[in-house]
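Scroll down for the structure; my scribbles are underneath it.
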There are 2 protein chains.
Amino acid sequence: MLTVFSPDHAQHHARAELIDGQMLPAVEVPARAEQVLTAVRAAGLGAVVEPDPDGPADRAALERVHEPRYLDFLEGAHRQWLAEGHDGDALPLCWPARGLQGPEPEAIDGRLGYWSFDAGTPVTSGTWAAATAAARCARTAALVVAEGVERLAFALCRPPGHHAYADQMGGYCFLNNAAVAAQVLRDSGAGRVVVLDVDYHHGNGTQGIFWARDDVLTLSIHADPRQEYPYFAGYASEVGPSGRNRNFPLPSGTAIDAWAEALEAALGEVRAFGADALVVPLGVDTYEGDPISRFRLTTSDFPGVGAAIGALGLPTVVTMEGGYAVDALGANVAAFLTGLAAAHVAGGP
Amino acid sequence: MLTVFSPDHAQHHARAELIDGQMLPAVEVPARAEQVLTAVRAAGLGAVVEPDPDGPADRAALERVHEPRYLDFLEGAHRQWLAEGHDGDALPLCWPARGLQGPEPEAIDGRLGYWSFDAGTPVTSGTWAAATAAARCARTAALVVAEGVERLAFALCRPPGHHAYADQMGGYCFLNNAAVAAQVLRDSGAGRVVVLDVDYHHGNGTQGIFWARDDVLTLSIHADPRQEYPYFAGYASEVGPSGRNRNFPLPSGTAIDAWAEALEAALGEVRAFGADALVVPLGVDTYEGDPISRFRLTTSDFPGVGAAIGALGLPTVVTMEGGYAVDALGANVAAFLTGLAAAHVAGGP
């Protein structure tokens, strides 16, 4: 297995975020990626490389899954924030909700709301550099798998991506790394690609990006949106116009038995679809010790989760998503990847 | 002229609000209403009374312009916020923006987003009491005018209301006091009612509430939404399905000459409509010294603004909306009302 990592992730370091009605220290911090990197190295999971150099292919890959105007906004947002007299991190203020349907405003406060769906995703001076580096990790990992150089690759992305829509940031996510990987696999010859999201939170951005597509099946196992972020997507009833989306919402307190049942159902969907390649947005905020989540998976559960997915034997790209118990994050990710790699070797063609 | 005021406004006192990406001391504070009350008394503008006692008529009046489920949410929101383990003021976190269209969630974080469109409108333990008292002021003022007891009444409402939709809070607003007043006038026999909003910010909630109605004409003179809150509504192109809405967006830096031209155009619409009664959501954040706004009206401009509206000679209810230069707020409101009352006597039937 190859891991793709860029130190540029550290350029995105939000000061604070809106939690419980207050601005509190951010939970999506640079130490997360460093912890995972250390654990991946310690676990002997294979080489760690930097992504391909920055170049025109990055923009092209982003435009396959994101609206160009959104990319332009994101690249210039913090500069405009400063130019209009603000300082620090940029946060949106209001949103084009029901009844508010005007065009994109000109002022940065309005543009931030237009291109987002939450108030907890600060844009910093380094956000664009970090987010594009993360997407580059996903692109590089997908290319390596698509070309057959590796059967498994781990894109150690930060900031995460699975909440980002084609045209909206949210949930600490700016660019949808998993969607970039899935599209690279499609564009490299895989006829049918599955995205199997195992983060605690619904992969609403990925669902949105591939909503009307019949060549990419999106699956997500997550906390019930009636109770948990992102609240307005993730219901089992959301199957998409061509039936290529499946959600598996689970109640607060779910432990491995019920979680694994949902995984089995999702794996059945993967097999029935006849997937040629797989992308796994990996959040380990399903962990019992996660500070903002309420499932009860343990570190010793994650090898089995990885193994069940690895047993599919598919060319697979894993993208790093959530997980905020920083001290346990590396161990949990390494446990998943170790199980994935072992089963993949055993179960592959 | 009669002024209707409730001391219950002080029960809504937000700790802080999201401004410029930070939680800063709220600008919509109880001192605002107290300053206006003092100035109204000092100006000898007539009696100041408390609104009708709290009763079933309040809920009925609210349900004429608000969705009952939204009212239920607002009444219980802060209790649920506390019951779910939060403290302090409640703020929403994410919104049902493009692509997120699920039903109302169960958790308070989700419900707050479902029933709002911004992150700058904290719900406190006293918000419901204050907001319903403000709406009661508006209802009482409208009844007094509708019954012919007074030709002019000033509802000294706080919190303000003109940003509140039938089903969404935002912009410091929870219940749309001006809409309540307009509906009371309609229900009391006025066949055609005009709402003429002169706040610096677009009266988007009022526009939304009466959008499809042909018996209430909504007019708003305000800062261009490309540059200013609420950003996603307030364009001149928004005329409504029956042409009963007119917006007059003006650029940053607008002073009285250009502002008065827009007012003349709006007054022409009032006359052409053949209004039987008028509601004026009054914001004096058009004032040159307002800390969050960028027009350049002076205190000495406000009597003329009031006089131009008073010269219509219509039964009129004024509702207090924005204005955040607290030290000048009373003088500006009293200036407007003095001009209004003087011209009304001169111009009335």
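The values are calculated or read from the model by the stated rules, or taken from the named source; none is laboratory data. It should be emphasised that the depicted structure is a prediction, and the values quoted were computed from it without experimental measurement. We place every Cβ from the backbone using ideal geometry, glycine too, and count neighbours over all the protein chains shown. The area values use the complete protein model at the heavy-atom level, side chains included, leaving out ligands, DNA and RNA. Shrake-Rupley method; radii C 1.70, N 1.55, O 1.52, S 1.80 Å.
Laid out as a table, the results:
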| read-out | value |
| --- | --- |
| Linear extension gain, B:E50 paired with B:Q101, 0.36 nm per residue minus alpha-carbon span | 14.2 nm |
| In Å², nearest 10: area of A:D52 left accessible to a 1.4 Å probe | 60 Å² |
| Delta accessible area of at least 50 Å² on complex formation, residues of region A:109-125, 1.4 Å probe, chain isolated as reference | A:F117 |
| Percent RCO, i.e. relative contact order, over region B:165-294, from Cα pairs under 8 Å lying at least 6 residues apart | 29 percent |
| Rh (Kirkwood; distinct C-alpha pairs) - chain B, Å | 19.7 Å |
| Region A:52-96: Cα Rg divided by the 2.2 N^0.38 Å rule of thumb | 1.44 |
| Calculated over region B:217-326: convex hull of Cα atoms, volume per residue (Å³) | 101 Å³ |
| Mean Cα-pair separation over length for region A:223-336, i.e. relative contact order, pairs under 8 Å, 6 or more apart, % | 24 percent |
| Modelled FRET efficiency - R0 51 Å, B:A43 with A:R69, Cβ distances, 0.05 increments | 0.50 |
| Buried accessible area, chains B and A (both chains, 1.4 Å probe, Å² to nearest 100) | 4300 Å² |
| Position A:G274, label points 7 Å along Cα→Cβ, spacing to each other copy in nm (shortest first, one decimal) | 6.9 |
| The protein assembly as shown - percent of accessible surface contributed by carbon and sulfur, probe 1.4 Å | 52 percent |
| Calculated [θ] (222 nm, deg cm²/dmol) that DSSP helices of n ≥ 4 give over chain A, each run adding -39,500 (n - 2.57) | -12000 deg cm²/dmol |
| Threshold 10 Å² - residues in region A:18-48 whose accessible area is reduced by that much or more when the chain is no longer isolated, probe 1.4 Å | A:L18, A:D20, A:G21, A:Q22, A:M23 |
| Qualifying GluC sites (Glu not before Pro) for region B:1-84 [loop in DSSP, other Cβ within 10 Å: at most 14] | B:E84 |
| Dipole of region B:233-349, positive direction: furthest Cα of B:A325, B:F295, B:V305, with charges on the beta-carbon | B:V305 |
| Cα principal axis extents for the protein assembly as shown, largest first, Å | 93, 47, 41 |
| Candidates A:L93, A:L250, A:L267: whichever shows maximal mean-square fluctuation once chain A is modelled as a Gaussian network with Cα springs under 10 Å | A:L93 |
| Student exercise, region B:224-278 dipole from Lys, Arg, Asp, Glu Cβ charges, in Debye to nearest 20 | 180 debye |
| Unit charges on C-beta of K, R, D, E only; dipole of region B:213-337, Debye | 160 debye |
| Anisotropy class of region A:14-59 from Cα gyration tensor, a/c 1.5 cut | oblate |
| Protein-protein interface of region A:224-265, residues with accessible area decrease of at least 20 Å², isolated chain reference, 1.4 Å probe | A:R226, A:Q227, A:Y229, A:Y231, A:F232, A:Y235 |
| FRET efficiency, A:A57 to B:A212 (Cβ-Cβ, R0 51 Å, nearest 0.05) | 0.55 |
| Per residue accessible area of the protein assembly as shown, 1.4 Å probe, in Å² | 32 Å² |
| Copies compared at A:R69 - label distances in nm, ascending, label defined 7 Å from Cα in the Cβ direction | 3.0 |
| Listed residue (B:Y172, B:L112, B:A129) projecting farthest to the positive dipole end of region B:108-181, Cβ model | B:A129 |
| Chain A: relative contact order as a whole-number percent, Cα under 8 Å and 6+ apart | 18 percent |
| Cα centroid separation, region A:249-263 to region B:315-339 (Å) | 57 Å |
| Shape of region B:153-225, Cα gyration tensor, a/c cut at 1.5 | prolate |
| Student exercise, the protein assembly as shown dipole from Lys, Arg, Asp, Glu Cβ charges, in Debye to nearest 20 | 700 debye |
| Shortest-first distances to equivalent copies, position B:P241, nm, label 7 Å out along Cβ | 2.4 |
| Pairwise FRET efficiency - A:V345 versus A:F273, Cβ, R0 = 25 Å, nearest 0.05 | 0.60 |
